[in-house]
1. Which one, [x] 18.7, 54; [y] 20.7, 63; [z] 24.1, 79, gives Rg and Dmax of the Cα atoms in Å as derived from the coordinates shown?
2. Tell me the Kirkwood radius of region 210-339: reciprocal of the mean inverse pair distance over distinct alpha-carbon atoms, in Å.
3. Counting only heavy atoms of protein chains, what accessible area per residue, in Å², does region 39-332 have with a probe of 1.4 Å?
4. Only Cα pairs within less than 10 Å get springs; with that Gaussian network setup on the chain, which residue of 68, 189, 137 has the largest fluctuation?
5. Using a 1.4 angstrom probe on the protein heavy atoms only, line up 149, 61 by accessible area, largest first.
6. Mind listing the phi-derived Karplus ³J(HN,Hα) values for region 246-262, rounded to whole Hz, using 6.51, -1.76 and 1.60 with θ = phi - 60°, and x for any glycine or proline?
7. I'd like the distance separating the alpha-carbon centroids of region 78-153 and region 182-237, in whole Å.
8. In square angstrom, rounded to the nearest 10, how much accessible surface does residue 188 have for a 1.4 Å probe?
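The values are calculated or read from the model by the stated rules, or taken from the named source; none is laboratory data. Predicted model only: the values in this text are computed from it and were never measured. Don't worry about glycine lacking a Cβ; one is built from the backbone with ideal geometry, like all the others, and counts go over all protein chains shown. The accessibility values were calculated without ligands, DNA or RNA, using every heavy atom of the protein model including side chains. Shrake-Rupley method; radii C 1.70, N 1.55, O 1.52, S 1.80 Å.
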Amino acid sequence: MVSNSAMACLYEKNVASRLHLVSVFCISLVVSGFAELQRFQHAIKDDGSLSFLVVGDWGRRGFYNQSAVALQMGRIGEQLDIDFVVSTGDNFYGDGLRDVNDPAFLESFKDIYTATSLQKQWYSVLGNHDYRGDTEAQLSPALRRIDSRWLCQRSFILNTGIAEFFFVDTTPFVNKYLVDKENNYDWRAVSPRGTYVANLLQDLKVALNKSTAKWKIVVGHHAIRSVGHHGDTPELISLLLPTLKAHNVDMYMNGHDHCLEHISSLDSPIQYLTSGAGSKAWRGDVKSYKNNRAMKFFYDGQGFMSVKLTGSDAKIAFYDVLGRLLHTWKMSKPLHSTM
C-alpha cells in the first residue's frame with residue numbers, strides 16, 4: 001500500500017497532466033485495455049415499472065437507529081414491492097471491513113436487513129469510510145457467498161431496460177483524503193489516482209453516450225450539491241458534473257451527508273437526491289443555499305428514500321425513521337422520449 005504522504009506528493013506534481021487524460025484515454029478501471037465498465041442486468045416488473053429503495057451511511061451494527069430505519073425500509077419495501085436496494089456507501093463504520101471474515105458484515109448488514117421485502121439484490125458503492133478498511137473485502141465474491149444479496153463494485157452499470165444506473169466511485173476524486181494524516185486509506189487499486197479518475201470519467205462518458213434508457217441515474221457516495229454538514233463537493237462539480245449535464249442525466253443519488261435532501265438543478269434536468277441517513281444523523285448544521293428555488297426538501301434526521309419508475313413517470317419519496325412520508329416529487333417524460 002502506498003503511503004498517504006507519498007501519494008500526496010505524486011498527486012500534487014501530476015494531477016493537471018493526468019486529469020488532461022480524460023480526453024485521451026478509454027481504459028477501464030477494472031482491467032487495462034479498451035474495456036467497458038462491468039454491466040449487470042435486472043429485470044423490471046411485468047407491468048413495465050421498477051421500484052427500489054435508496055439508503056446510505058448505515059453500517060453501525062444496529063445502533064444510532066439503524067435497526068429502526070431497517071424496520072421501516074422493510075415495511076415500505078413491501079408496500080412498493082421493491083425490486084432492489086441501492087446503497088450510497090459508507091456501508092461499514094468506522095473503518096470499513098477488516099477482511100472478508102469481519103463480523104461487521106453480519107452485524108451491520110445480514111442480521112439487520114432481515115425483512116422479507118429486503119431479501120432482494122443490494123447494489124452498493126464504496127464511501128470514504130469504506131476506504132479506511134480493506135476495500136477489496138467489500139468487493140470480494142466471498143461476501144456474496146455469505147449473503148447473495150450483496151453486490152459492491154467500485155464503479156459499474158446496472159441496466160433495467162427503462163433505466164440505466166451508473167455507479168461511480170467518488171472517494172478518489174476528493175483531494176482531502178489524500179492528505180489526511182489521521183486515517184489510513186486503501187488506495188491500492190486506484191493508484192496513480194490522477195489516471196484512475198481520468199479513466200473513470202472517460203468510461204462514464206462512453207457509457208452515458210451509448211445509453212438509450214428512458215431514465216439515466218448516476219449513483220455516488222459524495223454529494224454534488226448539498227446543504228448538509230459536508231456541503232457541495234468541489235471536485236465533483238468541476239470534474240463529474242459537466243459530464244452529467246452533457247448527457248442529460250435525470251438524477252444523481254448520493255449519501256455522505258447524514259440527512260435526506262432534494263435539490264433541483266436550475267440549468268439541467270438533474271435532481272440531486274441525498275439519502276445518507278441510514279443510521280447516525282442529526283448533525284444540526286445546515287448551510288444556506290444560494291438559490292432557494294433549487295432547494296426542494298431537507299431533513300436533518302434518519303430515514304431513506306424510495307423511487308418508482310415507469311416509461312413516462314418517476315416518483316421519489318423520502319421517509320423518516322418512523323416510516324412517515326416527508327416529501328414526494330414527480331417527474332414526467334413523453335412516452336417515446338429517450339432523453
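1. [x]
2. Hydrodynamic radius (Kirkwood, Cα only) of region 210-339 equals 15.0 Å.
3. 35 Å²
4. Of 68, 189, 137, the most mobile in the Gaussian network model is 189.
5. Putting 149, 61 in descending order of accessible area: 61, 149.
6. 5, 10, 6, 5, 8, 9, 10, 10, 8, x, 6, 6, 7, 7, 10, 7, 9
7. Answer, in whole Å: 20.
8. Here the residue's solvent-accessible area equals roughly 120 Å².
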